[in-house]
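> My questions will all concern the structure given below.
The values are calculated or read from the model by the stated rules, or taken from the named source; none is laboratory data. No experiment lies behind these values; they were computed from the predicted model shown. All Cβ positions, glycine included, derive from the backbone under ideal geometry; neighbour counts span all protein chains shown.
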Ligand SMILES: [Zn+2]
């Protein structure tokens with residue numbers, strides 16, 4: 001099965017992808033991880049990618065595509081795979097067959113903007129031991145204090161409402177045409193991502209028509 005996952009930052013795509021990978025025994029291929037691995041390998045291409053990202057530039061579609069093609073030739077992809085973070089826009093989606101990628105289903109993990117904002121603005125991190133909390137879903141025993149080491153908890157710089165709103169706006173602008181594209185092709189399966197992790201997984205299997 002060849003799938004892609006679509007969802008806003010904070011929608012729970014990573015968690016869903018790792019559960020699907022385990023249960024369906026097909027790998028999740030994240031373009032972000034591919035880029036990081038290439039940089040980590042110290043190759044010429046990795047150096048080039050690192051320079052682009054460090055200067056705040058985007059990595060070209062061609063670079064991402066060539067890394068992706070290389071990865072998909074690995075033997076663990078022979079029964080299918082889950083793409084995470086690709087395609088990101090309609091142009092990339094239209095180009096998939098040229099890369100030898102024939103998507104069977106696109107799963108849209110739907111979470112309302114207000115829930116995304118609740119999830120992301122509620123995150124707290126310990127600057128000392130890096131323990132993570134959530135004021136609503138995983139609170140520390142004493143408000144604002146780390147259970148592990150007693151340090152004062154902090155909000156990450158990119159978890160402010162302004163930054164999150166900006167990321168959501170970009171997400172919607174890029175993704176709406178992509179969703180429309182998959183819907184017209186009959187490949188779109190929408191899953192409610194506001195349920196519990198377990199229920200979201202069950203909803204996804206149902207949408208995929210998979211019985212375990
Ligand atoms: Zn701590």
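> In segment 7-32, how many residues are touching a strand residue (DSSP E or B) at 6+ places or on another chain (Cβ under 9 Å) and free of Cβ contacts under 8 Å to residues at least 24 places away in the same chain?
Result for segment 7-32: 1.
> Which condition number does residue 59 fail, the rest of (1) under 21 Å from residue 179 (Cα atoms); (2) at pLDDT below 90 being met?
Going through the list (1) under 21 Å from residue 179 (Cα atoms); (2) at pLDDT below 90, residue 59 breaks only (1).
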